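The values are calculated or read from the model by the stated rules, or taken from the named source; none is laboratory data. A quick note: this is a predicted structure, and the numbers were derived from the prediction, not measured. Every residue, glycine among them, receives a Cβ derived from its backbone with ideal geometry; neighbour counts consider all protein chains shown. The protein model used for the area step is the full one, side chains on, heavy atoms only, and it has no ligands, DNA or RNA in it. Shrake-Rupley method; radii C 1.70, N 1.55, O 1.52, S 1.80 Å.
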Amino acid sequence: MQEVRVDKWLWSIRLFKSRTIATEACKEGKVKLGDNQLKPSHDIKRGDLLFVYKDGFKLEIKVIDLLEKRVSATLAKNYYENLTPEDELNKYKAWYIGKAAAEIRERGAGRPTKKERREIDGHKENFLNDNEFWIEQDD
């Protein structure tokens, strides 16, 4: 195996929950090789340095080895090297601290309905999208 599709590889190393999400990230220009935005079908090879924009964070991932099938997280770590700068990692840690606690809701309101959950997720996505700073917009 000399080359593998970028969307398949990103899904295989568990950077994305599904291959469809990895494909969408590529189509939206959130996966780059150098300055070039990658299509989902772009073949990557060992040694490539990928820049992946996910959930408001800019990740730098170096391809150590190729992988076509999804494997466990412990095995997946052998196929890439995380070169994300320390300040970006600290940004993630600062964001993540305290996120395990439940969100605050009115007393007696119970669990959110499916509609309310979608609204909450929409607010979170809008917040993250408003804070995108490194994706270049095509005019």
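At a glance:
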quantity: Set Lys32, Lys58: member being within 21 Å of Lys124 (Cβ to Cβ), of a type in the set (Lys, Arg) and surrounded by 16 or more Cβ atoms within 10 Å (Cβ to Cβ); calculated: Lys58
quantity: Qualifying residues in the range 98-121 (those that are at pLDDT 65 or above and under 24 Å from Phe57 (Cβ atoms)) - the one nearest to the chain's Cα centre (by Cα); calculated: Asp121
quantity: Ser12 vs. criteria of a type in the set (Gly, Ala, Ser) and open to solvent by 50 Å² or more (accessible area, probe 1.4 Å); calculated: no
quantity: Residues of the range 35-55 that turn out to be outside any loop (DSSP other than H, G, I, E, B), touching a residue at least 24 places away in the same chain (Cβ under 8 Å) and open to solvent by less than 50 Å² (accessible area, probe 1.4 Å), as a count; calculated: 4
quantity: Set Lys62, Lys124: member being of a type outside the set (A, V, I, L, M, F, W, C), closer than 22 Å to Trp9 by Cβ and either in a helix (DSSP H, G or I) or modelled with pLDDT of 90 or more (or both); calculated: Lys62
